[in-house]
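Enquirer: What follows is a structure written as structure tokens; I'll ask about it next.
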Amino acid sequence: MAFRSFLIRPFAKSIARSIDRWSAQALDCQEKTMHQLLAQAAGTAFGRAHDFSKIKTYQDFKKAVPIFDYEDLKPYIDRVKSGEKDVLWPGLPAYFAKTSGTTSGVKYIPMSKESTPLHFGTARNALFNYFARTGKGQWLDGKMIFLSGSPELETVNGIPTGRLSGISNHLVPAWLRTNQLPSWETNCIEDWEEKLERIVDETMNADMRLISGIPPWVQMYYERLLERTGKHTVLEVFPNFSVFAWGGVNFEPYRAKLEELVGGRIDTVETYPASEGFIAFQDVFQATADNTAGLSAVNPGLILNVNAGMFFEFVPADEIFNDNPTRLWLGEVETGVNYALILHTNAGLWGYSIGDTVQFVSKNPYRIVVSGRVKHFISAFGEHVIGKEVEESLLPVANAAGIRIIEFTVAPQVTPSEGGLPYHEWFIEFDNAPDDLEKFALQIDGAMRQQNIYYDDLIAGNILHTLKIRPLQRGAFREYMKSEGKLGGQNKVPRLANDRKIADWLQDWRPV
């Protein structure tokens, strides 16, 4: 063990013990957090308007604080943007994280002096916990890549403002900067394709040991790295590469291709960061059967970050757009139910519907999986298909057939030009396409019918035709994201849409 990993090991073990403690006391942590948030914000404009000083119980809390989306909170956020203090949280935010909304345009998510350190701190804790649980800390003694947005920030009435991944660059401590790549100058490049070339320039001869980023953009980096070096696998370029930290999307659609590019399976650490807060992370690992393919989670869940300045609520996903939906705190949730995630944070977000849906896979401790987006679903016929269902239908069928998927999205086809029944249309960019596409589609359709009883009823009742797959030319999804100005960074292709916007754009990328 080299010097840096040797020094950090005791701290990593302390972090792991701390995670064990607070995850075992999750309900106490959440109750304490609720009262702390209310006490700290009681004197703010929002706190006074919602009688925070009179709230004693969770039942009081639900009555006093409605559920908000960004548009609902925007009048308060606009006051903060104008420079007014003590609106949602004491003082002014330390940062605004800018995110792109599908209905609200650019969103400005406040990050306070209390919440900001928890973003980097949780990412650090997730990796240190991995070190403590596995004994593998060699990644600390070499170089690390953090694929992120530009750290150049604008100011909004004195408040530094930028993408969360760019803000995170400002939070990296001095002891880690000597290990971090790419350089600050390269990270500031806005154009993803130009930036990618510079990242390859700076990293191709480095002792790379940890890589962190969104899987589709990491895949682009791997592919360009191999093109430039003439090597066959990433492990030939970086023989000490041992850990891939990722988040933001389901890894499974990308696993086969990434492992092919890497030259084998390496350890992964999954995280669930968001501009609104660092929601959850992978906390438990076990060796794979042959003990050579790295580590994988004991179950697919991520530990809910209950001790990080956020009070969580959960609304059954099919009620989220109701006027008076059922609202539950952590002590009332059940496993296997699709919940919309609601946050109250120490940055001044109150009753905020983050837009994600989650399911609990464990309550002892509380672990979740991300099941989709509130607005990313298909329910053109009442089927309410969610992202988790399409992924868990496609991937096992593809894996069993040795088919590798680069990217995909699904949309309803309500009025087929060829006539006949409507259907779900799957646009798939294959790395290697199946020999019998119709058979492949029927297998996926059968899996979908097992996942979703409403979809099964529609097929059985001759309301919907079985799904149809549209293969796409290579690069289709990258070009779509480029056309949207969302190439690289933390941007993700929507898996589902209840409209035809993406589907219609992709039509030109079907093979001639």
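Enquirer: Restricting to the stretch 370-396, and then to whatever is crowded, with 20+ Cβ neighbours inside 10 Å and of a type in the set (Val, Ile, Thr), can you tell me which residue is nearest to THR415 (Cα to Cα)?
Expert: Restricting to residues being crowded, with 20+ Cβ neighbours inside 10 Å and of a type in the set (Val, Ile, Thr), the top hit is ILE378.
Enquirer: List the strands (runs of 3 or more DSSP E) inside the stretch 79-187, counting only whole elements, that have at least 2 residues being under 24 Å from GLN282 (Cα atoms). Talk me through it step by step, then tell me what you get.
Expert: Details: elements: 95-101, 105-111, 143-146, 154-156, 159-162.
Those strands (runs of 3 or more DSSP E) span 143-146.
Enquirer: Of the residues in the stretch 314-354, how many are touching a residue at least 40 places away in the same chain (Cβ under 8 Å) and outside any loop (DSSP other than H, G, I, E, B)? Give the steps one after another, and end with the answer.
Expert: Step one: filter the stretch 314-354 for residues touching a residue at least 40 places away in the same chain (Cβ under 8 Å), giving 314-315, 317-318, 320, 325, 327, 329-331, 338, 341-354.
From the residues that got through so far, the ones that are outside any loop (DSSP other than H, G, I, E, B) too are 314-315, 317-318, 330-331, 341-345, 352-354.
So the answer is 14.
Enquirer: Find the residue count for the stretch 495-512, including only residues that are open to solvent by less than 50 Å² (accessible area, probe 1.4 Å) and either of a type in the set (Val, Ile, Thr) or part of a helix (DSSP H, G or I) (or both).
Expert: Number of matching residues: 3.
Enquirer: Ok, one more. Please determine whether any residue of the stretch 222-241 is at pLDDT below 90 and either among the aliphatic types (A, V, I, L, M) or open to solvent by 10 Å² or more (accessible area, probe 1.4 Å) (or both).
Expert: From the stretch 222-241, those at pLDDT below 90 are none; that's our starting set.
No; the residues of the stretch 222-241 include none that is at pLDDT below 90 and either among the aliphatic types (A, V, I, L, M) or open to solvent by 10 Å² or more (accessible area, probe 1.4 Å) (or both).
Enquirer: Pairs, please: C-beta under 8 Å, at least 6 apart or cross-chain, first residue within 12 Å of LYS98 (Cα to Cα) and free of Cβ contacts under 8 Å to residues at least 24 places away in the same chain and in the stretch 147-160, second outside any loop (DSSP other than H, G, I, E, B) and of a type in the set (Ser, Thr, Tyr)?
Expert: Cβ pairs passing all conditions: GLU154/THR161; THR155/THR161.
Enquirer: Then there's this: Only residues that are in contact with a helix residue (DSSP H, G or I) (Cβ under 9 Å, 6 or more places away or on another chain) and either free of Cβ contacts under 8 Å to residues at least 60 places away in the same chain or under 18 Å from ASP457 (Cα atoms) (or both): list them for the stretch 399-424, please. I'd like the intermediate steps shown before the answer.
Expert: Narrowing the stretch 399-424 to residues in contact with a helix residue (DSSP H, G or I) (Cβ under 9 Å, 6 or more places away or on another chain): 399-413, 424.
Correct list: ALA400, ALA401, GLY402, ILE403, PRO412, GLN413, HIS424.
Enquirer: Please determine, by comparing only the residues of the stretch 372-412 that are under 25 Å from GLY475 (Cα atoms) and polar (S, T, N, Q), which one is farthest from the chain's Cα centre (by Cα).
Expert: Out of the qualifying residues, it is ASN399.
Enquirer: Which residue out of GLN450, GLN473 is assigned to a helix (DSSP H, G or I), surrounded by fewer than 20 Cβ atoms within 10 Å (Cβ to Cβ) and not β-branched (Val, Ile, Thr)? If you could, list the steps in order and put the result at the bottom.
Expert: Numbers: GLN473 fails: assigned to a helix (DSSP H, G or I).
Residue meeting the stated conditions: GLN450.
Enquirer: On to the next question. Taking the stretch 130-168, which residues are surrounded by fewer than 18 Cβ atoms within 10 Å (Cβ to Cβ), more than 15 Å from LYS107 (Cα to Cα) and polar (S, T, N, Q)?
Expert: THR134, GLN138, ASN157
Enquirer: Within the stretch 353-364, identify whether any single residue is at pLDDT 95 or above, open to solvent by less than 10 Å² (accessible area, probe 1.4 Å) and within 21 Å of LYS98 (Cα to Cα), and answer yes or no.
Expert: Among the residues of the stretch 353-364, not one is at pLDDT 95 or above, open to solvent by less than 10 Å² (accessible area, probe 1.4 Å) and within 21 Å of LYS98 (Cα to Cα), which makes the answer no.
Enquirer: Based on this model, can you work out whether ARG265 counts as in a loop (DSSP other than H, G, I, E, B) and either under 30 Å from GLY301 (Cβ atoms) or not charged (D, E, K, R) (or both)? Before the answer, list the steps.
Expert: Numbers: in a loop (DSSP other than H, G, I, E, B): yes; either under 30 Å from GLY301 (Cβ atoms) or not charged (D, E, K, R) (or both): yes.
Yes, satisfied.
Enquirer: Select from the stretch 324-349 the residues that are among the small types (Gly, Ala, Ser) and in contact with a helix residue (DSSP H, G or I) (Cβ under 9 Å, 6 or more places away or on another chain) and write down the one among them that is surrounded by the fewest Cβ atoms within 10 Å (Cβ to Cβ). Give the steps one after another, and end with the answer.
Expert: Taking the stretch 324-349 and keeping what is among the small types (Gly, Ala, Ser), we get 331, 336, 340, 347-348.
Still in the running and in contact with a helix residue (DSSP H, G or I) (Cβ under 9 Å, 6 or more places away or on another chain): 331, 340, 347-348.
Details: GLY331: 12, ALA340: 24, ALA347: 26, GLY348: 30.
Only one residue tops the list, namely GLY331.
Enquirer: Any residue in the stretch 474-501 that is within 22 Å of GLN413 (Cα to Cα) sitting within a Cβ distance under 8 Å of a residue that is open to solvent by less than 70 Å² (accessible area, probe 1.4 Å) and of a type in the set (Asp, Glu)? List the pairs, counting only those 6 or more apart or interchain.
Expert: These pairs meet every condition: ALA476/GLU407; ALA476/GLU429; PHE477/GLU407; PHE477/GLU429; VAL493/GLU407; ARG495/GLU391.
The values are calculated or read from the model by the stated rules, or taken from the named source; none is laboratory data. Predicted model only: the values in this text are computed from it and were never measured. So basically every Cβ, Gly included, is an ideal-geometry build from the backbone, and we count neighbours across all protein chains shown. Please note that ligands, DNA and RNA were not included when accessible areas were found on the heavy atoms of the full protein model with its side chains. Shrake-Rupley method; radii C 1.70, N 1.55, O 1.52, S 1.80 Å.
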